[in-house]
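Everything on this sheet refers to the single structure shown next.
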Amino acid sequence: MKIGVLGLQGGVYEHVYMLRRAFQELGWQGEAVVVKKPQHLHGLDGIIVPGGESTTIGIVARRIGLLEPLRDAVKEGLPAFGTCAGAVMLAAKARDRVVGEKSQPLIGAMSIEVIRNYFGRQRESFEVDLEVEGVEGRFRGVFIRSPAIVKAEGDAKIISWLKSGDSLVGVAAIQGPHLATSFHPELTGDTRIHKLWLQNIKR
Ligand code: GLN
């Protein structure tokens, strides 16, 4: 199995590291590669879109001619896993909590709608124990300027919820081979969410 990590900006190597550990723990032959050019998409069994800044990731991907091939590959069935900014990239629709709807290039493979920076600014970052469907026990969610998943349509399904003020918002969603998390499982050293996705996409 060969998994790519989109390597334009953000927490790229954290995912490479987590993938290598997950393969080891699963006892699978697996390779994790960094994707920086369209030709790096060839032969992948899945792609991770990391956290960082979704506007930057989208704009850079478009500028270097990677956005369209990536979008096509994912729409044609390349499984994708997006964390935080990566979840924003996978969403069909994104708006910002403060500045509202601002057009930004997205991959848009999941029928979910997100609100960027939902929980506030960098200094409002937090950690909380979550329940995630498919993961046994609690999972430590690390939230850094994270989006909330406020709508899931069609066969997209929210698999983790968080109470924020008076609202209950989605913080992880699954749709076929795609997975999106508002939080950063790559920063916890806990490979269970990576393994959940890998097991889900294994052919
Ligand atoms: N706020 C960022 C965005 O909307 C995501 C932050 C993150 O990935 N930690 O793109």
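Computed from the coordinates by the stated procedures, all read-outs in this text should not be read as laboratory data. As the structure is a computational prediction, the values presented were derived from the model and not from experiment. Using ideal geometry, Cβ is built from the backbone for each residue, glycine included, and neighbour counts are taken over all protein chains shown.
Odds and ends about this structure:
- Mean-position separation - Cα centroids, the stretch 8-28 and the stretch 140-192, in angstrom: 19
- Relative contact order (percent, whole number), the stretch 94-203, Cα cutoff 8 Å, 6+ residue spacing: 22
- Cα extents for the stretch 1-65 along the principal axes, largest to smallest and rounded to whole angstrom: 38, 23, 12.
- Across the options PHE139, GLN9, GLN175, the greatest Cα extent toward the positive end of the charge dipole of the chain (unit charges at beta carbon of Lys, Arg, Asp, Glu) belongs to GLN9.
- About its Cα centre, the dipole of the stretch 39-193 is roughly 540 debye, where the only charges are +1 on Lys and Arg Cβ and -1 on Asp and Glu Cβ.
- The chain, relative contact order [Cα under 8 Å, separation at least 6], %: 19
- Solution diffusion estimate, µm²/s, Stokes-Einstein, the stretch 34-101, Kirkwood Rh from C-alpha pairs, 25 °C, viscosity 0.890 mPa s: 197
- Virtual paramagnetic centre 7 Å along Cα→Cβ of LYS102, amide N under 20 Å, in the stretch 127-150: 144-150
- With helices as the sole contributors, the chain gives -7000 deg cm²/dmol at 222 nm; each DSSP H run of n ≥ 4 counts as -39500 (n - 2.57), and the sum is divided by every residue.
- The Rg/Rh ratio of the chain, with Rg taken over Cα atoms and Rh as the Kirkwood radius over Cα pairs, comes to 0.93.
- Estimated distance in nm for a label pair at GLN24 and GLN199, the labels positioned 7 Å out from Cα along Cα-to-Cβ: 2.0
- Near LYS93, the amide H atoms lying under 5 Å from its own belong to ILE112, VAL114; only residues 5 or more places off or on other chains count, and H is placed 1.01 Å from N.
- Counting only DSSP beta bridges whose two residues both lie in the chain, roughly 55 percent are antiparallel.
- Amide H contacts of VAL33 (H built 1.01 Å from N, in plane; Pro and chain starts excluded): ILE3, GLY4, VAL5 sit under 5 Å, all sequence-distant by 5 or more or on other chains.
- Across the stretch 151-176, the residues whose backbone nitrogen lies under 17 Å from the label position 7 Å along the beta-carbon direction of ASP190 are 159-163, 171-173.
- Listed by Cβ neighbour count within 10 Å, with the fewest neighbours leading, ILE149, ILE144, ILE47 appear as ILE144, ILE47, ILE149.
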